[in-house]
Every structure is written in structure tokens, then in C-alpha cells.
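**Q** Mind looking over this structure? Questions follow.
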Amino acid sequence: MAKILLVEDDDLVRDMLTQVLQRASHTVLCATNGEEATHYLQKEKPDLMVTDIIMPKKSGITLISEVKNRHPNLEIIAISGGGRLDPTGYLDLSESLGASVSFEKPIDNTALLMAIDLLLHSKKEKVGN
Amino acid sequence: MITPISQQKPWLPYLVAGIGIVISFLLWHFILWHHIEAYLDALLPYKSYLSWLMLLLGVSFSILAGAIIRIIQLDYERTALLNQMQTMLKKEIAERMLAEESKQKLEVALLQGQKLQAIGTLAGGIAHDFNNILYAIIGYTEMLREDEDVNSLKYNNLGRVLEATQRGRELIARILAFSRKQHHEFDMIDLNHTIETALSLLKPTIPASVMVQFESSKDISIVGNQTQIHQVLVNIINNAVDAMEGEGTITIHTTHLPPDDPLLKQLTKTSIQKYCKLEISDTGHGMDQATMERAFEPFFTTKEVGKGSGLGLSIVHSIIKEHKGEILLNSQLGHGTTFTILLPECLS
């Protein structure tokens with residue numbers, strides 16, 4: 001269906017989301033932090049990126065702002081585990097920086113898959129026009 | 001203030017001595033010389049010596065009487081002064097005890113505030129990690145469940161796992177609610193006075209080789225929680241002291257911010273609300289760009305293990321946000337650090 005770049009530092013969540021996305025027939029590229037994701041984006045052209053916010057080396061916030069400058073057409077979904085400083089603030093910020101949708105963990109995977117489908121569909125329509 | 005006796009009647013001893021001397025002379029002249037001279041002539045061949053001796057005794061006694069009065073006066077004055085000093089000392093001791101008591105109360109409140117804030121932040125941190133764990137459990141369970149027959153025992157049991165995760169989710173939501181919405185009483189507070197109190201609290205912990213300069217603009221009031229503002233100052237100043245490794249200058253500056261200040265435009269703050277600025281600068285070792293970016297992050301610390309919790313500046317950040325303010329960090333390696341805090345000013 002689509003090539004999705006998944007950026008998540010937590011092994012358990014990353015592996016689980018990979019399986020969820022693969023079961024929905026998507027091809028998944030996995031990165032464990034913002035830096036790895038940047039390297040992937042130099043070689044690959046994913047249709048959509050799902051990224052965590054609080055990560056080592058390069059945070060999701062930095063990644064989103066960089067990606068929106070270099071790959072303005074890439075759809076982004078931000079996910080955050082909440083807690084720490086102000087998770088809703090982080091998610092609001094990620095949306096203001098260019099993320100199309102944001103989800104607070106634990107996420108309803110059905111809703112996540114629906115959001116992915118909707119974004120990919122609207123992207124296709126935009127390209128078609 | 002009690003007026004000393006010697007100041008009230010300083011002439012008294014001299015008067016007594018003078019009167020005594022005059023009386024002695026009169027006695028000597030009128031009584032001894034003129035009236036009983038004849039008797040004395042018969043009784044004592046050395047009457048002139050005796051009369052001189054009596055005069056001498058009279059004068060000496062008068063001087064002695066004056067001196068005794070003076071000594072009594074001085075003694076009275078010293079006693080009065082001692083009593084006065086004792087009263088003042090008692091008053092000072094009572095004032096100091098009261099100040100010490102209020103300082104202790106303030107310290108306890110501050111510590112309590114710090115603890116609550118730390119628990120809140122810690123709870124938030126735990127919630128963050130726990131949500132990830134929970135999310136993994138939910139995700140894997142859902143996938144397993146999808147593969148099972150709806151009527152099978154496995155399907156039902158996996159459903160029970162999901163119910164349990166739902167309870168966990170609710171518990172996390174409650175923990176997060178605690179960490180995000182701790183209730184703090186807000187009052188109108190004098191910012192400069194709050195800074196002065198915080199400085200007096202910190203004074204014993206700041207090395208003598210670290211200079212603290214406080215420059216303030218008059219009448220700066222904000223609506224906020226004094227203990228929380230204390231926490232902000234204590235955390236930033238403690239960091240500054242650590243950064244200076246025992247030597248340097250900390251400058252604290254408060255000022256009213258003009259509505260057209262470029263800083264407000266930069267932060268897209270409305271021109272209707274007036275802001276005041278609190279700047280805290282140190283001459284410490286400063287921070288590099290990477291440290292600056294993570295400075296407000298919870299559990300991030302550059303200090304040795306056991307020396308810093310990594311919560312101080314994240315607490316500062318959340319307090320300033322709770323006060324509808326902004327905090328900016330400006331630092332350069334080797335050139336010190338400046339924290340600029342903007343807080344909505346209370347005009348009434």
C-alpha cells in the first residue's frame with residue numbers, strides 16, 4: 001500500500017507498530033531516533049512518517065521542523081507517550097510545526113490506521129489534481 | 001530613649017559642693033573668728049590653726065558630698081542605661097526568633113513545594129514510560145485477538161487483558177492529572193520583595209566569593225504563588241553558583257517591560273497585557289548549544305551522579321508556564337548564562 005517511516009525509540013512500541021502497519025499491507029522503514037530518520041530520508045522516499053516526540057539524539061519536534069523544510073509533501077503523524085513536561089503541549093507544537101495529526105499513547109491502532117489511510121488518500125488526490 | 005540623670009541635673013554636685021564651701025567659709029569667718037574668738041583664745045593657744053583646720057574640713061566635706069552625689073548620679077544613669085539595653089536586647093531577641101520562625105516556615109513551604117513538584121514531574125515521567133509499555137501490551141494483544149475465533153476462550157481471555165490495560169490507562173490518566181494540575185494559591189505578590197526573601201534564604205548557601213547584585217525597578221507586582229517564585233529563584237541561583245565553581249557574580253535585575261519591547265513581539269505576546277522582566281545572569285562556565293536545547297528537559301543534568309536530579313529547570317519551566325509567563329535561556333561556553341523571565345504584571 002504505502003511506504004511508512006516509523007520513528008520510535010521504544011523497542012516494544014516500534015516492533016508492535018511495525019507489525020500493525022505491516023498487517024495493514026504497508027511497507028515499514030524503522031528508525032530509532034530523529035538522526036536515523038534523517039539518514040533514511042536522504043536515501044528513501046516514504047509516503048508518510050509516524051514519529052514519536054521524546055527521543056534521544058534528535059527529538060521528534062526537531063525532526064518534524066527539519067522534515068517540513070526539506071520534504072514539504074511528506075505527511076507526518078506525531079505520537080507521544082504523554083507525561084514529562086506537557087505532552088499535549090508537545091503534540092500541539094508538533095501540529096503547529098507541520099504534523100497533520102497527533103496521537104497521545106496508548107493509541108487506538110484502528111484510529112491510527114484510519115488516519116494513515118485518510119492522509120494517504122488526500123495526498124493522492126492532491127497529486128492527481 | 002531615657003535621658004541620663006547627669007544630663008538632667010549635671011550642676012547638682014557642683015551646687016552642693018559650692019554651698020558647702022560657702023557655708024564653711026561663713027562659719028569660719030563669722031562664728032569662729034568674730035564671736036567665740038575670746039573663748040577659744042583662753043582654751044586653745046593654737047586657735048588660728050584650729051580655725052584653718054575646720055575650714056579645710058568643711059571644704060573637704062563639701063567636695064566629698066558633691067563627689068558622692070556625682071557617683072550616685074552616674075550609678076543611677078548606668079543602671080537606667082543597662083535596663084534600657086536589656087529591654088532592647090529582649091526586643092531584638094524576640095524579633096530575631098520571630099524572623100527565624102517565619103524563615104523556617106518559608107523553608108518548609110519551599111521544600112514541600114519542591115517535593116510536590118518533583119513528585120509531579122516524576123509521576124509524569126513514569127506515566128510517559130508506562131504509557132509506552134501499556135501501548136505495546138494493547139497493540140500485541142489486539143493483534144493476537146484478531147487471529148482468534150470470536151467464540152474461543154483465547155479470544156475472551158485476550159479481551160480480559162485489554163480490560164486490564166484499560167484500567168491501567170485510567171490510572172495513568174489520574175497520575176498525569178496530578179502531575180499537570182497541582183493546585184497552587186495565587187495572590188498579588190511584590191516581585192522585588194519575593195526576590196529579597198529568596199536571597200535571604202539562599203545567603204547561607206552562597207559562598208562568600210560569589211557576589212550577588214540585585215537591581216530592581218520600583219513597584220513590580222505579579223499575580224502568582226510566592227513559594228513557586230522562590231523555587232524558580234532558588235533553582236536558577238543554585239545552578240548559577242554551581243556553574244561558577246565558587247567564584248563570580250550573579251546579577252538579578254527586575255524591570256517593567258515597555259509594550260513595544262521587541263522581546264514581546266518575538267514571543268507574540270499581546271500588547272494589552274503588561275509584562276515585567278526578571279533577568280538572572282551569572283559569570284559561570286556557560287552552556288553549549290546542545291545543553292541549552294535540553295536544559296528544561298526533565299531528568300536532564302550535566303552534573304555528576306547524585307549531585308543533580310535534572311528536575312530543577314524543568315520545574316522552573318513549568319512554574320513560569322503556570323504563571324502565564326515565558327522563560328528564555330541565553331548562554332555561551334565560557335561567557336556565563338542569562339535566564340530572562342517574562343511575567344504578566346499586575347497593575348491594580
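**Q** Count, please, the residues in segment A:75-97 that happen to be of a type outside the set (Ser, Thr, Tyr), touching a strand residue (DSSP E or B) at 6+ places or on another chain (Cβ under 6 Å) and at pLDDT below 90.
**A** Residues in segment A:75-97 being of a type outside the set (Ser, Thr, Tyr), touching a strand residue (DSSP E or B) at 6+ places or on another chain (Cβ under 6 Å) and at pLDDT below 90: 4 in total.
Each row is one residue, and each column tells you yes or no for (1) buried (at least 22 other Cβ atoms within 10 Å of the Cβ); (2) touching a Lys or Arg at 6+ places or on another chain (Cβ under 7 Å); (3) of a type in the set (Gly, Ala, Ser); (4) modelled with pLDDT of 85 or more.
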residue	(1), (2), (3), (4)
B:268	no, no, no, no
B:285	no, no, no, yes
B:305	no, no, no, no
B:309	no, no, yes, no
B:334	no, no, yes, yes
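**Q** Hey, among B:228, B:273, B:213, which residue is part of a helix (DSSP H, G or I), of a type outside the set (Val, Ile, Thr) and either assigned by TED's automatic domain parsing to the domain that holds residue B:200 or surrounded by 14 or more Cβ atoms within 10 Å (Cβ to Cβ) (or both)?
**A** Answer to the check: B:228.
**Q** Of the residues B:134, B:171, which single one is assigned to a helix (DSSP H, G or I) and farther than 15 Å from residue A:108 by Cα?
**A** B:171
**Q** Of B:196, B:185, which residue is touching a residue at least 12 places away in the same chain (Cβ under 8 Å), part of a loop (DSSP other than H, G, I, E, B) and either over 34 Å from the mean Cα position of the chain (by Cα) or over 30 Å from residue A:22 (Cα atoms) (or both)?
**A** When all the criteria are applied, what remains is B:185.
Table: residues versus (1) hydrophobic (A, V, I, L, M, F, W, C); (2) modelled with pLDDT of 80 or more.
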position: B:239; (1), (2): no, yes
position: B:252; (1), (2): yes, yes
position: B:302; (1), (2): no, no
position: B:312; (1), (2): no, no
position: B:321; (1), (2): no, yes
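**Q** Within 11 Å of chain B (Cβ to nearest Cβ) and in contact with a strand residue (DSSP E or B) (Cβ under 7 Å, 6 or more places away or on another chain), is that true of residue A:21? Don't jump to the end; show me each part of the working.
**A** On the way: within 11 Å of chain B (Cβ to nearest Cβ): yes; in contact with a strand residue (DSSP E or B) (Cβ under 7 Å, 6 or more places away or on another chain): yes.
For residue A:21, the condition - within 11 Å of chain B (Cβ to nearest Cβ) and in contact with a strand residue (DSSP E or B) (Cβ under 7 Å, 6 or more places away or on another chain) - is met.
**Q** Now, a different point. Could we say that residue A:23 is more than 13 Å from the chain's Cα centre (by Cα) and closer than 24 Å to residue B:139 by Cα here? Working first, answer last.
**A** Numbers: more than 13 Å from the chain's Cα centre (by Cα): yes; closer than 24 Å to residue B:139 by Cα: yes.
Criteria met by residue A:23.
**Q** Hey, any hits in segment A:48-64 for a residue that's at positive phi and more than 13 Å from chain B (Cβ to nearest Cβ)?
**A** Taking segment A:48-64 and keeping what is at positive phi, we get A:57.
Among the residues that remain, those that are also more than 13 Å from chain B (Cβ to nearest Cβ) are: none.
No: segment A:48-64 contains no residue that is at positive phi and more than 13 Å from chain B (Cβ to nearest Cβ).
Each row is one residue, and each column tells you yes or no for (1) part of a loop (DSSP other than H, G, I, E, B); (2) in contact with a Leu (Cβ under 9 Å, 6 or more places away or on another chain).
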{"position": "B:241", "(1), (2)": "no, yes"}
{"position": "B:245", "(1), (2)": "yes, no"}
{"position": "B:259", "(1), (2)": "yes, no"}
{"position": "B:265", "(1), (2)": "no, no"}
{"position": "B:277", "(1), (2)": "no, yes"}
{"position": "B:281", "(1), (2)": "no, no"}
{"position": "B:287", "(1), (2)": "yes, yes"}
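**Q** Which fully enclosed helices (runs of 4 or more DSSP H) of segment A:1-99 have 1 or more residues being among the acidic types (Asp, Glu) and buried (at least 18 other Cβ atoms within 10 Å of the Cβ)?
**A** Output list reads A:34-43.
The values are calculated or read from the model by the stated rules, or taken from the named source; none is laboratory data. Source: prediction; values computed, not measured. Every residue, glycine among them, receives a Cβ derived from its backbone with ideal geometry; neighbour counts consider all protein chains shown.
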